[in-house]
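Trainee: Have a look at the structure that comes next, please.
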Amino acid sequence: MTATDISTFFCPTRLHMGAGSHRKLGDILRAQGCQRLFVVIDGALLEGEFYAGIRGMMEDLGIAVSSYSEIEPDPSAITVERAFAACQAHGATALLAVGGGSAMDVAKAVGILATNGGRIHDYEGIEKFSTPPLPLVAIPTTAGTGSEVSGSCVITDTEKNLKMSIRHASLNPARFAILDPLALRTLPAHVAAHSGMDAFVHAFESYISRQANLVTDAINIQAIELLAANIRPFVANRDNLEAGLNMLVGSALAGITFGQTGLGNVHCMARFVGAYWHLSHGLSNAVCLPHVARFNLPANPRKFARVAAAMDRPVRGLPEMDAARAAVDAIEALCRDLAIPARLRDVGATEDKFDEIAELCTQANYNRWNPRTTTTADFRALFAQAF
């Protein structure tokens, strides 16, 4: 940005951070006057030790709890409707989300319906509701999506076979987020790697976005440093609480910014890679990342050079373009170390769909944010290079 650009920054979520910080949940709910709590939770966590501790805490406080755990990846509007019906039946006055992005998105959608009525389809788009949702406390159990602090939730419309983005910068983030590395300890290594790379892409693409500003730059460069330095030890050992906390904080920092800056070609391409070949969002991003980074480098070598330094590459004194290329080298090394497949063919993609999804990428109009203007032919070439 330049001195004459006008930009804004906003974060409405109060963060509690550190090992054992989930024990703050009781204080938070007491302050909200909550007596009936509706919990949206990943099914795999329902009988685990971490959630058992939360249930015990709620019993001690005399808070009546009802939980909903039938949540699929890329949750559907049908799931939201079922969860909302259960929330209404319980008479909940506050929500708790325990899980990854899917659980948090369902909880956000339920909170919107609880106070605004209608169907979740009514709120697709930007600021289509005005009444604050039910208070939401989010405890992420993956370090990746940043959904606890982001202003959006994504729900699949199975009638039209498309994803709806419901966005509100001030009302959609969780009111409180608890970043506790104890919640990450049962995360499988490959999920830790893929979700961690999703967080890294959030920070990286937000940093180089056309809509970045001085505040988002400061936050994102810190996020890149935290994520790049901690993702390897975290994936190797989820009992490493320091690495886990740093991953959670890095993910949240990127989650705070990317809704305000937009993202770029990595997310654009990954949307359709994931949809067409049924890959997780994090893996789709990770496979596309090195190829898109190399494509985008000429648009902002200064920022790429700063990314290289943030990823602990020895770039002091190098010409700017050499330092910028070191960022792409660092990204490729990170992907290799995390066993990210190098090519789209390695994850089951086929060339016959590339023309179609290149056109879809153009229609998605990520040129609003991506630093390098990208044509349909450019997208087609990027898919071919990644293949």
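Trainee: Taking amide H positions as placed 1.01 Å from N in the peptide plane, with prolines and chain starts having none, which residues 5 or more places from Y68, or on another chain, fall under 5 Å of its amide H?
Mentor: Long-range HN contacts for Y68: V39, V40, I41.
Trainee: Given a 1.4 angstrom probe, I'd like the percentage of the accessible area of the chain that is carbon and sulfur, rounded to a whole number.
Mentor: Of all accessible area on the chain, carbon and sulfur atoms account for 50 percent.
Trainee: Is the shape of the chain best called rounded, prolate or oblate, per the rule: a/c under 1.5 gives rounded, else a/b larger than b/c gives prolate, else oblate, with a ≥ b ≥ c the square roots of the Cα gyration tensor eigenvalues?
Mentor: Prolate shape, in that a/c is at least 1.5 and a/b is the bigger ratio.
Trainee: To continue, here is another question. Using the Cα gyration tensor of the range 127-285, with a ≥ b ≥ c the square roots of its eigenvalues, what is the shape: rounded (a/c below 1.5), prolate (a/b larger than b/c) or oblate (neither)?
Mentor: rounded
Trainee: Let me ask you something else. Kindly state, to the nearest 0.05, the FRET efficiency for A236 paired with R343, given R0 = 22 Å and r defined as their beta-carbon distance.
Mentor: 0.35
Trainee: Same structure again: Check each of the trypsin sites (Lys or Arg not before Pro) in the range 291-387 and keep only those in coil by DSSP with at most 15 other C-beta atoms within 10 angstrom; list them in order.
Mentor: Of the trypsin sites (Lys or Arg not before Pro), the ones in loops of the range 291-387 whose Cβ has at most 15 other Cβ atoms within 10 Å are R316, R343.
Trainee: Taking the Cα centre of the chain as the origin, how large is its charge dipole in debye, to the nearest 20, when only Lys and Arg (+1) and Asp and Glu (-1) carry charge on their Cβ atoms?
Mentor: 640 debye
Trainee: Determine the sum of side-chain charges near R325: Lys and Arg each +1, Asp and Glu each -1, restricted to other residues whose C-beta is under 12 angstrom from that of R325.
Mentor: -2
Trainee: Follow-up. Order of 107-120, 246-259 by packing, highest average Cβ count within 10 Å first?
Mentor: Top of the packing list down: 246-259, 107-120.
Trainee: To the nearest 0.05, what FRET efficiency results for Q88 and L162 with a Förster distance of 30 Å applied to their C-beta separation?
Mentor: In this case the efficiency is close to 0.65.
Trainee: Could you size up the charge dipole of the range 13-147 around its Cα centre, putting +1 on the beta carbon of Lys and Arg and -1 on that of Asp and Glu, and report it in debye to the nearest 20?
Mentor: Dipole about the Cα centre, nearest 20: 460 debye.
Trainee: Go through 282-292, 25-35 and give me the packing order, highest mean Cβ count within 10 Å leading.
Mentor: Output ranking for 282-292, 25-35: 282-292, 25-35.
Trainee: Follow-up. Percent antiparallel among DSSP beta bridges with both residues in the chain, to the nearest 5?
Mentor: Of the beta bridges lying entirely in the chain, close to 20 percent run antiparallel.
Trainee: Using packing as a proxy for protection, rank 155-164, 12-21 so that the peptide with the highest average count of other Cβ atoms within 10 Å comes first.
Mentor: Descending mean neighbour count gives 12-21, 155-164.
Trainee: So between E356 and E124, what do we pick up on full extension, going 0.36 nm a residue minus the alpha carbon distance?
Mentor: Between E356 and E124, full extension yields an extra 81.0 nm.
Trainee: Using 0.36 nm times the number of residues separating A299 and A218, minus their current alpha carbon distance, what extension gain do you get?
Mentor: 27.2 nm
Trainee: Considering only L334, P314, Q363, whose Cα is most displaced toward the positive end of the charge dipole of the range 309-366, charges sitting on Cβ of Lys, Arg (+1) and Asp, Glu (-1)?
Mentor: Going by the charge dipole, the pick is P314.
Trainee: Could you work out how far apart the two model spin labels at T186 and A52 are, taking each label as a point 7 Å from the Cα in the direction of the beta carbon, and quote it in nm?
Mentor: The modelled label-to-label distance comes out at 0.9 nm.
Trainee: Additional query: Go ahead and estimate [θ] at 222 nm for the chain from helices alone: -39,500 (n - 2.57) per DSSP H run with n ≥ 4, summed, over the residue count, rounded to 500.
Mentor: Roughly -16500 deg cm²/dmol at 222 nm, from the helical runs in the chain.
Trainee: Here is a further query. If you restrict to DSSP beta bridges whose two residues both lie in the range 76-231, what percentage is antiparallel, to the nearest 5?
Mentor: Among the beta bridges of the range 76-231, antiparallel pairing accounts for roughly 40 percent.
Trainee: A further question on this structure: How much area per residue is accessible in the chain when the probe is 1.4 Å and only protein heavy atoms are counted (Å²)?
Mentor: Here the residues of the chain average 42 Å² of exposed surface.
Trainee: Nearest 5 is fine: what % of DSSP beta bridges in the range 1-113 come out antiparallel, could you say?
Mentor: Roughly 0 percent of the DSSP beta bridges within the range 1-113 come out antiparallel.
Trainee: Which far-off residues, 5 or more places away or on another chain, put their amide H under 5 Å from the one on S76, with H placed in the peptide plane?
Mentor: Long-range HN contacts for S76: T156.
The values are calculated or read from the model by the stated rules, or taken from the named source; none is laboratory data. Bear in mind that the values here come from a model prediction, so they are computed numbers and not experimental data. Note that we place each Cβ from the backbone using ideal geometry, even for glycine, and neighbour counts take in every protein chain shown. Areas reflect the complete protein model, heavy atoms only, side chains present, ligands, DNA and RNA absent. Shrake-Rupley method; radii C 1.70, N 1.55, O 1.52, S 1.80 Å.
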